[in-house]
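To start, the structure under review is shown below, and the notes come after it.
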Amino acid sequence: MVNKLVIRLQRDFPEFRFEKSEIAHWSPSTVTVFYGDKEAELLHELGHALLDHNDFAADIELLHIERDAWEKARQLAPKYEVEIDDDTVETALDGYRDWLHARSLCPHCRQTGLQDNQTLDYYCVNCNARWQANDARVCGLKRKMLRKA
């Protein structure tokens with residue numbers, strides 16, 4: 001089913017490339033929608049492309065762009081006869097929420113920290129530690145202490 005959808009999308013959106021991949025994602029640098037076996041995810045990644053999502057700075061921005069891309073996918077879904085239910089969207093967003101929560105956990109005391117709006121570092125209101133987290137969404141999360149408690 002995904003292959004038929006890709007053919008239609010290539011015709012309707014010739015400005016984008018579509019490429020099969022293990023991990024579905026949007027690459028603004030190559031103008032490529034990478035897709036797997038799920039039609040809903042394909043429309044979601046196309047949503048990123050159509051909304052011109054390039055990057056995010058603060059963690060909260062990631063949730064906003066992910067939600068927006070899912071909303072765009074839901075708008076496209078009826079035309080392409082793809083069903084996107086609430087569980088699909090919430091499960092996908094939960095994955096990002098979990099990842100963002102893990103980034104915000106203080107490496108010293110394990111309490112949830114806050115992200116500084118200017119430096120994008122994290123700090124702990126409990127023990128006053130400060131750290132940075134890598135941007136790895138697929139490989140392992142790493143946090144580097146900047147200031148210990």
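The values are calculated or read from the model by the stated rules, or taken from the named source; none is laboratory data. For clarity, every value in this text was computed on a predicted model and none was experimentally measured. Note that we place each Cβ from the backbone using ideal geometry, even for glycine, and neighbour counts take in every protein chain shown. Only protein heavy atoms, including side chains, enter the accessible area calculation; ligands, DNA and RNA are left aside. Shrake-Rupley method; radii C 1.70, N 1.55, O 1.52, S 1.80 Å.
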Report, in whole Å, the centroid distance computed from the Cα atoms of the stretch 1-18 and the stretch 47-98.
18
What size of dipole, in debye to the nearest 20, comes out for the stretch 1-127 about its Cα centre when the only charges are +1 on Lys and Arg C-beta atoms and -1 on Asp and Glu C-beta atoms?
240
Could you do me a favour and compute the accessible area per residue for the chain, 1.4 Å probe, result in Å²?
60
Would you list E39, E71 from the most to the least accessible area, probe 1.4 Å?
E71, E39
Which of the listed residues, H101, M1, L141, is farthest toward the dipole's positive end in the chain, when Lys, Arg count +1 and Asp, Glu count -1 at the beta-carbon?
L141
In the list (i) 15.4, 49; (ii) 34.2, 93; (iii) 17.8, 57, the entry giving Rg and Dmax of the Cα atoms in Å computed from the coordinates is (iii)
Treating only Lys and Arg (+1) and Asp and Glu (-1) as charged, each at its beta carbon, one finds that the stretch 52-140 has a dipole about its Cα centre, in Debye to the nearest 20, of 440
Degrees between helix 2-12 axis and first principal axis of the chain (Cα, 0 to 90, nearest 10):
80
Rel. contact order, % - alpha carbon contacts under 8 angstrom, at least six apart, the chain:
12
Whole-Hz ³J(HN,Hα) from phi, Karplus 6.51 cos²θ - 1.76 cosθ + 1.60, for the stretch 17-26, glycine and proline x:
8, 10, 9, 5, 7, 5, 10, 6, 6, 9
Report the number of Lys pairs in the chain whose alpha-carbons are under 17 Å apart, with separation of 8 or more residues or on distinct chains.
6
Those trypsin sites (Lys or Arg not before Pro) in the stretch 48-91 that DSSP places in a loop and that have at most 15 other beta carbons within 10 Å
K79
Just want the answer: with Cβ charges of +1 for Lys and Arg and -1 for Asp and Glu, which residue in A40, Y122, Q75 is farthest toward the dipole's positive end in the chain?
Y122
What is the helix-to-structure angle for 39-50, meaning the angle in degrees between its Cα long axis and the longest Cα principal axis of the chain, kept from 0 to 90 and rounded to the nearest 10?
80
Under-5 Å amide H pairs with T32, H placed in peptide plane, nonlocal only:
R17, S27
